[in-house]
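Worksheet: one structure, shown below.
The values are calculated or read from the model by the stated rules, or taken from the named source; none is laboratory data. All values derive from a computational prediction rather than experimental measurement. Neighbour counts run over all protein chains shown; Cβ positions are idealised from the backbone, glycine included. Protein only, heavy atoms only, side chains kept; ligands, DNA and RNA dropped before computing areas. Shrake-Rupley method; radii C 1.70, N 1.55, O 1.52, S 1.80 Å.
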Amino acid sequence: MAGDPNILSDFILPANQSAVDGSFFTFTDMRVLIGAPEPTNFKVLKASLAEFPALNGQSVSTAVLQFPADAVNPPHTHPRSAELLFLIFGSLQVGFVDTTNKLYTQTLQEGDMFVFPKGLVHFQYNVDSKHSALAVSAFGSANAGTVSVPNSVFTTGIDDDILAKSFKTDVATIQAIKAGLAPKP
């Protein structure tokens, strides 16, 4: 099933619980954002089914995206949901590619919203070299999933020869790209 199932009750309890109170429906992990220093790299703080079990069956989740100056959220997809991004402060260049390979881009300002259709490759980039940006994304799934294009292509073990032929380059270039994506010790 590619989306969240419809449920026949108001909410779904975890298997190990028979009763809950209001704290079950409260997510406090976003409190770390209040008064925190700005991150030095792009950072996502999620409230999805994995982090917030009360979302099970509710077909919603959210994420806070923190963009330091000149930071990018690399091309990626959410296979089970569209994404509605709301820019709180800063500016972002955003875009997605449709199934005909047409690129749609926009530069967002504070207060703007942008929708990334379900399953399409998209990105966000803070082009400002001096100021950070902050956005909140909403998803129509408790588990939207994220497939990073660079990681899925270059870190999953696809043969270097296949990648070199696919990108019309040589193996040395592919290996250089993979070295740049490797975790730093």
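Can you find a residue that is open to solvent by less than 50 Å² (accessible area, probe 1.4 Å), touching a Pro at 6+ places or on another chain (Cβ under 7 Å) and of a type outside the set (D, E, K, R) anywhere in the range 160-167?
For the range 160-167, residues open to solvent by less than 50 Å² (accessible area, probe 1.4 Å), touching a Pro at 6+ places or on another chain (Cβ under 7 Å) and of a type outside the set (D, E, K, R): absent.
Taking the condition of being assigned to a loop (DSSP other than H, G, I, E, B) and surrounded by 16 or more Cβ atoms within 10 Å (Cβ to Cβ), how many residues in the range 42-59 meet it? It would help to see each step written out before you state the result.
Quick first cut of the range 42-59, residues assigned to a loop (DSSP other than H, G, I, E, B) only: 42, 48-52, 56-59.
Next, from what is left, pick out any that are surrounded by 16 or more Cβ atoms within 10 Å (Cβ to Cβ): 42, 48-49, 52, 56-59.
Count: 8.
Kindly list the number of the only condition in (1) within 17 Å of Leu65 (Cβ to Cβ); (2) open to solvent by less than 50 Å² (accessible area, probe 1.4 Å); (3) part of a loop (DSSP other than H, G, I, E, B) that fails for Gly119.
Every listed condition holds for Gly119 apart from (1).
Given the range 141-181, what helices (runs of 4 or more DSSP H) lie entirely inside it while holding 3 or more residues that are within 30 Å of Ala82 (Cα to Cα) and touching a helix residue (DSSP H, G or I) at 6+ places or on another chain (Cβ under 8 Å)?
Of the helices (runs of 4 or more DSSP H) lying wholly inside the range 141-181, those with at least 3 residues that are within 30 Å of Ala82 (Cα to Cα) and touching a helix residue (DSSP H, G or I) at 6+ places or on another chain (Cβ under 8 Å) span 149-154, 171-181.
Go through the range 1-41 and give me each residue that's in contact (Cβ under 8 Å) with a residue 12 or more places away in the chain, of a type in the set (A, V, I, L, M, F, W, C) and either touching a Phe, Trp or Tyr at 6+ places or on another chain (Cβ under 6 Å) or surrounded by fewer than 10 Cβ atoms within 10 Å (Cβ to Cβ) (or both).
Phe27
Which residues, counting only those in the range 137-159, are open to solvent by 40 Å² or more (accessible area, probe 1.4 Å) and not aliphatic (A, V, I, L, M)?
Initially, the range 137-159 is screened for residues open to solvent by 40 Å² or more (accessible area, probe 1.4 Å), giving 138, 140, 143, 146-147, 149, 151-152, 155-159.
The answer is Gly140, Asn143, Thr146, Asn151, Ser152, Thr155, Thr156, Gly157, Asp159.
Residue under question is Ser81, and the condition is that it be part of a loop (DSSP other than H, G, I, E, B), modelled with pLDDT of 95 or more and in contact with an Asp or Glu (Cβ under 9 Å, 6 or more places away or on another chain); does it hold?
Numbers: part of a loop (DSSP other than H, G, I, E, B): yes; modelled with pLDDT of 95 or more: yes; in contact with an Asp or Glu (Cβ under 9 Å, 6 or more places away or on another chain): yes.
Yes.
Checking the conditions here, which among Pro68, Pro79 is closer than 30 Å to Val153 by Cβ, open to solvent by 50 Å² or more (accessible area, probe 1.4 Å), of a type outside the set (A, V, I, L, M, F, W, C) and touching a residue at least 60 places away in the same chain (Cβ under 8 Å)?
Selected residue: Pro79, the only one of Pro68, Pro79 that is closer than 30 Å to Val153 by Cβ, open to solvent by 50 Å² or more (accessible area, probe 1.4 Å), of a type outside the set (A, V, I, L, M, F, W, C) and touching a residue at least 60 places away in the same chain (Cβ under 8 Å).
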